[in-house]
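The values are calculated or read from the model by the stated rules, or taken from the named source; none is laboratory data. This one's a predicted model, so the numbers in the text were calculated from it and none came from an experiment. Reconstructed Cβ throughout: ideal geometry from the backbone, glycine too, with neighbour counts over all protein chains shown. In case anyone asks, the SASA skips ligands and DNA or RNA and just uses the protein heavy atoms, side chains included. Shrake-Rupley method; radii C 1.70, N 1.55, O 1.52, S 1.80 Å.
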Amino acid sequence: MGLSGLEIYKLLPKTNCKKCGFPTCLAFAMQLAAKKVSLDKCPDVAEEAKKALDSAAQPPIKLITIGQGEDKLEIGNETVLFRHEEKFYHPTGIGFLLEDTQSQEEIKKALGDIKKLDFERVGQRIKVNIIALSAKSADASKFTQALKTILENTSLPILLMSDDPGIVGKALEISRDRVPLIYRATNANFKEMAKLSKDNKVPLVASAKTLEELESLVKNLNNEGVADLILDIGDKDITEKIWEFTQIRKLALKKAFRAFGYPIIVFTKGNDPYQEVIEATTYVSKYAGLVIMKSKDPWAILPVLTARQNIYTDPQKPLQVEAKVYEIGKVEEKSPVLVTTNFSLTYYTVEAEVEASKVPAFIVSCDAEGMSVLTAWAADKFTGESIAKTLEKFDVKAKVNHKNVVIPGYVAVLSAKLEEESGWKVTVGPREASGIQSFLRKL
Ligand code: SF4
């Protein structure tokens, strides 16, 4: 169990010097107990107290880094069971399984396909993260040959998969600089795998069939000096996996159970790509740090990446675009002016429809604290007055030779107030963004 705020407070200097950025030692202690700050923010804490505070200062789920450079993947360091309690921090890594029995050409083609799984959505780049290579051949030279092809053709992090420490050792000789994740330590090989992990400074997957066996394996690996671990509960029924993932997360967060304080890896089971999308999305929600999939079709991967993007945004801070006037296409003085809110999803949906209409237009994104149109209207953040102020603030009248503004159909009720406040003539646009193209063409 972690220490309570008061228990931590007793170990702090109690001078209220504020060097940690908090007004009192007690305030800092409370944040430390909630694992929202690290102990090193207090420069005056005594050595003996540091040791006692160690467990309180450690994150309940360790942050694990795979790979290096721009494409490195960081997973773990989560602090809550449910997203609405705070937020989830490190998005689940999504990867793909390749086998060393595939030909060089097949591997290169697969890598080319994977490279294309890189999308832009609501102003953010969403992409896949890791390539898993399985030693299906059980032959070290075949495995390293396939690995060479991967190293030469992608900068994504790599997962090396073999139960044979000899094969993994050979592979690490040519890949250790890329900091791959090695899979996997079991009860049968943990000493050799632990040595490989320590000698090469790479993270290791601990794999067992039951939670009890996993606990004992993690403790053995910790005793061997391995601190960077990822947990694997093996191949079992999906419901059972979700139940066990939930137990692991709960025990790590609520009971400070150190043996389970690591991210989880999971492999999708099904061969049906539709089922696989559902399965992968479920794992992203509860509580996988790394999901290795088979399908590489963009239509199958985009929904998983979209779900991940949504789950890993801060629920208290909606994704926002800058509130300003956006020029879409080659705008002229006669171009129409549309207003919407600064919620990213709303803005980018409107922008895409305006672009597709081929009618150059101004989109005025109003600061509605990142809320969608109806939510902002209901919260009094998107009103006749606020839209009028935004038109004035950005001097929209200087950009056009008319005073006509188009508002979303859902807030037609604002028309009179907006006309009164701004002096602009209001046209009510379509309710749904899908109606924008035909609406603009008819203007
Ligand atoms: Fe207390 Fe340390 Fe913060 Fe100073 S820096 S207020 S001693 S916790």
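Applying a 10 Å radius around every beta-carbon, put 140-146, 48-54 in order of their mean neighbour count, most first.
140-146, 48-54
Along the positive direction of the dipole of the chain (beta-carbon charges: Lys, Arg +1; Asp, Glu -1; about the Cα centre), which of THR186, ILE107, ILE126 reaches farthest?
Most positive-ward Cα: ILE126.
I'd like to check one number: the per residue accessible area of the stretch 308-374, probe 1.4 Å, reported in Å² as a whole number.
Dividing the accessible area of the stretch 308-374 by its residue count gives 45 Å².
Among the DSSP beta bridges whose two residues both lie in the chain, what percent are antiparallel, rounded to the nearest 5?
Working: 12 of 50 bridges.
Rounded to the nearest five, the antiparallel share is 25 percent.
Need one word for the stretch 48-134: rounded, prolate or oblate. Basis is the Cα gyration tensor (sqrt eigenvalues a ≥ b ≥ c); a/c below 1.5 gives rounded, then a/b vs b/c decides.
Because a/c hits 1.5 or more and a/b exceeds b/c, the stretch 48-134 counts as prolate.
Give me the 1.4 Å probe accessible area per residue for the stretch 175-250, excluding ligands and nucleic acids, in Å².
It amounts to 45 Å² per residue over the stretch 175-250.
Taking Cα pairs under 8 Å and at least six residues apart, what relative contact order does the chain come out at, in percent?
12
To the nearest 10 square angstrom, how much accessible area does TYR410 have with a 1.4 angstrom probe?
About 80 Å², ignoring ligands and nucleic acids.
At a Förster distance of 35 Å, what's the computed FRET efficiency of GLU355 paired with ARG83, Cβ-Cβ distance as r, to 0.05?
After rounding to 0.05, the efficiency reads 0.65.
Hey, what number do you get for the chain at 222 nm if only DSSP H runs of n ≥ 4 count, each worth -39500 (n - 2.57), divided across all residues, to the nearest 500?
Estimated from H runs of four or more residues: -12000 deg cm²/dmol.
What is the stretch 300-405 by shape, rounded, prolate or oblate, if you read a ≥ b ≥ c off the alpha carbon gyration tensor as root eigenvalues and call it rounded for a/c under 1.5, prolate for a/b larger than b/c, and oblate otherwise?
Details: a/c = 2.87, a/b = 1.43, b/c = 2.01.
Oblate is the answer for the stretch 300-405, as a/c is 1.5 or above yet b/c matches or exceeds a/b.
Using only Cα atoms, locate the centre of the stretch 129-193 and the centre of the stretch 263-317, then give the distance between them in Å, rounded to an integer.
A separation of 23 Å, based on Cα centres.
How do 414-425, 189-200 rank on mean C-beta neighbours within 10 Å, highest first? Write out the running numbers ahead of the final one.
Details: 414-425: 16.6, 189-200: 18.9.
Ranking the peptides 414-425, 189-200 by packing returns 189-200, 414-425.
State, as an integer percentage, the relative contact order of the stretch 338-411 based on alpha-carbon contacts under 8 Å between residues 6 or more apart. Let's see the in-between values first.
Numbers: 80 pairs, mean separation 28.2, N = 74.
Across the stretch 338-411, relative contact order equals 38 percent.
Taking all protein chains as present, what is the carbon and sulfur share of the accessible area of the chain, in % to the nearest whole number, probe 1.4 Å?
Whole-percent figure for carbon plus sulfur exposure: 51.
Once a ≥ b ≥ c are taken as the square roots of the eigenvalues of the Cα gyration tensor of the chain, is the result rounded (a/c under 1.5), prolate (a/b larger than b/c) or oblate (a/b not larger than b/c)?
oblate
Please report the spacing between the Cα centers of the stretch 362-392 and the stretch 71-114 in Å, no decimals.
37
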